[in-house]
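Nothing in this text is a laboratory measurement; each read-out follows from the coordinates by a stated rule. Since this is a predicted model, take the numbers as computed values, not measurements. Backbone-built Cβ (ideal geometry, glycine too); neighbour counts: all protein chains shown.
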Amino acid sequence: MALGTINIKHSIYMTFRFNFLMLISVLAGINQKCIGRSFGDSLNYISLDKIDIGGHLGNKIDWCIQNRIVEQSVDELIEPFNYKNETRWWQTEFWGKWITSAISAYQYQPTVALKEKIDLAVKKLLQTQMPDGYIGNYADAAHLQQWDIWGRKYVLLGLLSYFDLTKDKNTLQAARKLADHLMTEIGPLKKNIVETGNFRGMPSSSILEPMVLLYNRTGDRKYLDFATYIVDQWETPRGPQLISKALNDIPVAQRFPMPKSWWSWDNGSKAYEMMSCYEGLLELYRVTKEPSYLKAVENSVKNILLTEINIAGSGSSFECWYHGAARQTLPTYHTMETCVTVTWMKLCLSLLQTTGDPLYADAIEQSAYNALLSSITPDASSFSKYSPMEGIRSLGEDQCGMNINCCTANGPRGMMLIPKFAVQSSSDGVYINLFANLHSRVSVNDRVDVQIEQSTNYPVTASTEIKIIPDTEASFTVYIRIPSWSKLTTVKVNEIIVEQVIPGQYLPITRKWRRGDHIVVNFDMRGRLADSEFHAAVLRGPIVLARDSRFHDGYVDEVGLVMNQDGFVDLLPVPTQPEGMWMSYSTKMRKGTNLEINDGDETILLCDYSSAGNTWTADSRYKVWLPYPVNMMKNPFKD
């Protein structure tokens, strides 16, 4: 009874609050005229056409554009919108995911053909918009159920991305009609958004992100008020409580009891959708500057880093948080969903932009080189749905009666994050986050244009040379990301050593820069041993290494002690390696559990995790976490 009373009181309050805000907006004359405001971030993206990435990573981006994004059939993505009879599936997300990646790809590598395809995709979608504004494929009686609002979110994101690209007013108007129609179905005295769909309403309420973006582009206060309404509903007894539980430091896997049915409204640990909500909350923070919003996102992300993200830079099992960091040595069903990897990278990139904290840049590098690259097929034409730490790589199933699934649609969005991450600007300088063969052009505080030319074979090699080429002599700061794993990093500017290089921080180099100035960075590429639950894994720089059956150096599952000195592992490059491997190394292992018959340490071979298993057949079975024998003389069970 008391709980019902609380719900009624909250509903009355929220109705009054929502209507009051709308009334104030109208009386003030700002409902249509107010300019959407977004507070400045610490870091700013540079235009994607001003950066070009080469080398191994750049090739993967290029192939993804050519073989996945460009090759996608637009008609197949549009087809579900022509029929309004769906009651349970998520076909409409695929259009939004594809077009946001396609627009980024066009900005990065503009071609007439891709632009025409993007234009056609938007034109055909808008032809399916209903007179009331609805764009989707759900039957009238099934509106707001299952993945209906989730699909509308991705449509909104796609339309807004297209508006940003073209400034086409008809597209913005269509986005407004879509949002306005949703607001006739959801809100005070209507259906509560957190009670729609599955997973505590998180998929539905992740429409928060495009609602804030729509406010920013229109200045229409009703969209900001609706965004605030969504966040308020999170904190109701039926909501996912994404702010209060985060502020109270409740781990993401422990926020709700184990659900009786996994794929249901009761499950509050769905990783992808939770992070999507936090992406929206960050956008709302940028507008309102409400400190609890940023604090909730940062607390949650740091908890995810601590308790969920594995050494390959991703997590989840059956798409939910599960204390995965402590359990990553266990063979696990459906782990490291590519949608989780991509959304994790997107959330970290948004936090990096907002705060300038290199913690998030390190997390992006870890995910990009390991979890994301491991999910992509050799020709980048498709993506795996899951990327386990051992076994055989495989593609996911087709979904929703279409020749695509959520991860194949989402993977390219992750690849197109890398150019956005690589080089960024601030009010006083340039931030270099990615070490790769790249060329970029950055405007520093609208005063000086600077070319950045980086030459390296990182992370195969340990060094990179960065040329700083301003169009005129100017004083500004170049910030070099020093990865937290690189404990011994040396930096030289024009052959002069720079002091106080601290792992896990940006190294600021402030001077009057002239043409010909250059920076040389040498990273600590010693092999490192990670230890967890009587298993060991080997890392080199940002790269996780793995055994692979193609080496024919023993069983990939066999027990053995990887030889190391104080946690550092000697790694020797392998001169010849199986076709399709990016990098591989040899090291020593003491195999087996019988010391009496052990006649010395044996050589084993390791390759980068993204190459492990990349024949996508049983010919290349792989394993990251290598079991080692228990040594009772060292009292391993003392805890």
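So the values come out like this:
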| quantity | calculated |
| --- | --- |
| Among 143, 316, 87 - extreme Cα towards positive end, dipole of the chain, charges at beta-carbon | 143 |
| Alpha-carbon centroid distance for the pair segment 87-117 / segment 370-392, whole angstrom | 21 Å |
| Segments 190-196, 547-553 sorted - mean Cβ within 10 Å per residue, highest first | 547-553, 190-196 |
| Charge sum, other residues only, whose C-beta stays under 12 Å from residue 536's C-beta, Lys/Arg counted +1 and Asp/Glu -1 | +2 |
| Per-pair calculated FRET efficiency, R0 = 51 Å: residue 514 and residue 460 via Cβ, rounded to 0.05 | 0.95 |
| Full-stretch length increase - residue 616, residue 451 - with 0.36 nm per residue and alpha-carbon distance subtracted | 55.4 nm |
| Cβ-defined net charge surrounding residue 603, 9 Å radius [Lys, Arg +1; Asp, Glu -1] | -2 |
| Reachable aspartates and glutamates, given that their alpha-carbon falls under 17 Å from the alpha-carbon of residue 385 and they are not under 8 places away in the same chain | 93, 273, 319, 337, 397, 398 |
| Spin-label zone in segment 382-411 - amide nitrogen under 20 Å from a point set 7 Å from the Cα of residue 557 along the C-beta vector | 387-394 |
| Check: the chain dipole with +1 on Lys, Arg Cβ and -1 on Asp, Glu Cβ, in debye | 1560 debye |
| Förster-model FRET efficiency, 56 Å R0, residue 250 and residue 166, C-beta, rounded to 0.05 | 0.85 |
| Value at 222 nm in deg cm²/dmol, rounded to 500, when DSSP H runs of n ≥ 4 in the chain each add -39,500 (n - 2.57) | -11000 deg cm²/dmol |
| Angle between the chain longest axis and helix 291-307 axis [Cα atoms, degrees, rounded to 10] | 40 degrees |
| Residue order, fewest to most beta carbons within 10 Å, for 106, 162 | 106, 162 |
| Cβ-based exposure ranking for 495, 235, 209, 365, in which fewest neighbours within 10 Å come first | 495, 235, 209, 365 |
| Calculated FRET efficiency for the pair residue 635/residue 260, C-beta based, R₀ 35 Å, to 0.05 | 0.25 |
| Charge dipole (debye, nearest 20) of segment 426-522; +1 at Cβ of Lys and Arg, -1 at Cβ of Asp and Glu | 140 debye |
| Kirkwood Rh and Cα Rg combined as Rg/Rh, segment 426-522 | 0.94 |
| Potential lengthening between residue 290 and residue 395 on full extension [0.36 nm per residue; Cα-Cα distance subtracted] | 33.6 nm |
| Sequence ranges 562-571, 143-152, 454-463, ranked by mean other-Cβ count within 10 angstrom, highest first | 143-152, 454-463, 562-571 |
| For the chain: relative contact order, % (alpha-carbon pairs under 8 angstrom, 6 or more apart) | 12 percent |
